[in-house]
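Where a number appears in this text, it was derived from the coordinates with a stated rule and is not lab data. No experiment lies behind these values; they were computed from the predicted model shown. Note: ideal-geometry Cβ built from the backbone for every residue, glycine included; neighbour counts use all protein chains shown.
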């Protein structure tokens, strides 16, 4: 094998690695405007919270800095025990497919939050994912926004792995051992956020969200494997 051939093969391996690195780069989704056409809302309750409602609107001013999404939860407890109401807000432009874009190592999630009224922690919330017809919501940790600490816009952020996301089933229950598939076999996923309340009595809460951001971090394994294979092949041919 000539030196020129070795250089060409090394260059080919480098180009292939660069192409894979581009495919496996972080994917970022962001919204600081919240146009109504870009967001959908699905409301889920448990049996005790039947009849509860969620309202969400784009507000043109007063966000961080301008437009934001305002969420009003009305929890109606219709029977004994804790009632739950959860609004799942999904972005129409935020999709990622692990099987074609790369397995996910983690997700960096952040939002700016504000609380206007309500008892306790006002609203719980965090990242939401729909995958394979199932809805998953961030539970470790749950973002909260107690007053008076959140009477002004406050940044919240966390690093999420698959086990931090619990399935929200059609009975309004959270299933800790049902998680989204972050592996290379994972199907397409859509991103959004959730806001919810639970209590043993009727509760009205009012809060806002701005600067919603999701950064998907793919695993580096595939890129590392390709680089190692290319360098090993070049060394063998040089010998």
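Quick look at the values:
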| item | result |
| --- | --- |
| Percentage relative contact order, the stretch 112-224, counting C-alpha pairs under 8 Å, at least six apart | 38 |
| Radius ratio Rg over Rh of the stretch 126-193, counting only Cα atoms, Kirkwood formula for Rh | 1.04 |
| Protection proxy ranking of 173-182, 49-58, 191-200 - average other beta-carbon atoms within 10 Å, highest first | 191-200, 49-58, 173-182 |
| Whole-angstrom gap from the stretch 76-132 to the stretch 133-210, using each part's C-alpha centre | 3 |
| Equivalent-ellipsoid semi-axes of the stretch 26-219, from the Cα gyration tensor, Å, largest first | 26, 20, 14 |
